[in-house]
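The values are calculated or read from the model by the stated rules, or taken from the named source; none is laboratory data. In this text the structure is predicted, and so the values were computed from the model without any measurement. Note: ideal-geometry Cβ built from the backbone for every residue, glycine included; neighbour counts use all protein chains shown.
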Amino acid sequence: MKNDATIALDIVKAPTSKIDSVDFENLNFGHIFTDHMMICDYKNGAWQTPQIKPYGAIQLDPAAKVFHYGQAVFEGMKAFKDDKDNIWMFRPEENFNRINKSSHRLAIPEFPRNHFFTVLEELLKMEKDWIKKGFGNSLYIRPFVIATEPGVLASPGTEYKFMIICSPAKSYYNGEVRVQFSERFSRAADGGVGYAKAAGNYGAQFYPTNLAKAEGFQQIIWTDANSHEFLEEAGTMNIFFRINDTLITAPTNDRILDGITRKSLIQLAEEDGINVEVRRVAVKEIVEAAKDGSLKEIFGTGTAAVINPIQGFGHKGERYEIKNLTDSYATYFKERMMKIQYNLAEDKFGWRYLVKE
Ligand code: COI
């Protein structure tokens, strides 16, 4: 659905651009931000006129509820430029729906659709020079909402900021990724906030991930909180296993993020006639498949990571390596998905969203 209705929007342009100081060939993910950002305040029960202004620090009261009770949610999106300088987003409607679903769970007021698409498109047009052409280049878009009302009473805020910042991006991970299957810590539990992109879901992973890093792993694959016998998702990605030629991934539920790359990949794989099983994935099954050689691949999917192969995993002190394949699904689907994103292939499912000049 395109955005038709117009809304008021205040724009203050940055007097100068920092773009010339950026080395676009050597970007560390999420370190550099573009010249402008979007801020929209919520107060007196309504979202106010959004503003696009020069990127910079914001002032918050030390008692702002986000600092005390973690009322914060976010999204991850990307914009791409094709050879004709058109700017495209990939399934932004999904991100819009998901940020409101996350907000709903955290008792944050939902953001209006018109606001979201109007400010996003305007911001992308202003930052178009930051979106570089070429396969692999993108602009990572980070919408987020925080509770700004001062007060340490443990109740939902009555004031919020919805903001969007943008960062030029290439790949999320550099180098090989090995994961540890979690045996003790949990990411999410039934009835909790695992399905939401709540900031706290990510912050809570840092400590166990640091422990895993100390043992030589880059990420954890979280297991179910009750038994630790079933594999759920990695901290930054949903996760797929290829046993022989079948793809297996855990179903989404209130513990697992409903990843947009995840569901797009399932659709592409089914279209290609690949057998996809969306079901619980037992640790035991994957360990056995690694031992008998039927485990061909593990890969993660996410907006930032796209489709990232996993070279090995650790479980209960044992390490398992996965051989590189010439006919890797991860490589194949990454290219197939990116060709759609960069307007280099037919968009059968209507996933691309053109940002109109
Ligand atoms: C994304 O893939 O966009 C995410 O939000 C994950 C984040 C940890 C980078």
Among Lys170, Lys161, the single one that is at pLDDT 95 or above and basic (Lys, Arg) is Lys161
Q) If you go through the stretch 77-98 one residue at a time, do you hit one that is touching an Asp or Glu at 6+ places or on another chain (Cβ under 7 Å) and of a type in the set (A, V, I, L, M, F, W, C)? A) yes
Of the residues in the stretch 29-84, those that are under 12 Å from Ala147 (Cβ atoms), within 16 Å of the ligand (Cβ to nearest atom) and in contact with a Leu (Cβ under 6 Å, 6 or more places away or on another chain) number 1
Q.
Quick check on Asp190: is it among the acidic types (Asp, Glu) and closer than 20 Å to Leu106 by Cα?
A. yes
In the set Lys84, Lys65, Lys101, Lys78, the lone residue that is basic (Lys, Arg) and loosely packed, with under 11 Cβ neighbours inside 10 Å is Lys84
Of the conditions (1) within 14 Å of the ligand (Cβ to nearest atom); (2) in a strand (DSSP E or B); (3) touching an Asp or Glu at 6+ places or on another chain (Cβ under 9 Å), the single one that Ile165 does not satisfy is (3)
Among Ala189, Ala214, Ala169, the single one that is touching a Lys or Arg at 6+ places or on another chain (Cβ under 9 Å) and more than 23 Å from Met38 (Cβ to Cβ) is Ala189
Restricting attention to the stretch 122-136, does a residue exist that is surrounded by 20 or more Cβ atoms within 10 Å (Cβ to Cβ), assigned to a strand (DSSP E or B) and not aliphatic (A, V, I, L, M)?
no
Residue pairs qualifying under the 9 Å Cβ cut-off, at least six apart or on distinct chains, with the first in the stretch 40-65 being modelled with pLDDT of 95 or more and the second being assigned to a strand (DSSP E or B) and exposed (fewer than 13 other Cβ atoms within 10 Å of the Cβ), are Thr49/Asp10; Pro50/Asp10; Gln51/Asp10; Ile52/Asp10; Lys53/Asp10
Margin query: Taking the criterion of being away from the ligand (no atom under 15 Å from the Cβ) and under 21 Å from the mean Cα position of the chain (by Cα), would at least one residue in the stretch 192-201 satisfy it?
Written below: yes
Counting only residues that are in contact with a helix residue (DSSP H, G or I) (Cβ under 9 Å, 6 or more places away or on another chain), in a helix (DSSP H, G or I) and closer than 23 Å to Tyr55 by Cβ, the stretch 105-121 contains a total of 3
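Yes/no per residue for (1) loosely packed, with under 14 Cβ neighbours inside 10 Å; (2) within 16 Å of the ligand (Cβ to nearest atom):
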| residue | (1), (2) |
| --- | --- |
| Leu247 | no, no |
| Ile256 | no, yes |
| Gly259 | no, yes |
| Lys263 | no, yes |
| Ala289 | no, no |
| Glu321 | yes, no |
(1) surrounded by 18 or more Cβ atoms within 10 Å (Cβ to Cβ); (2) of a type in the set (D, E, K, R); (3) not in a helix (DSSP H, G or I) all hold for Asp327 apart from (1)
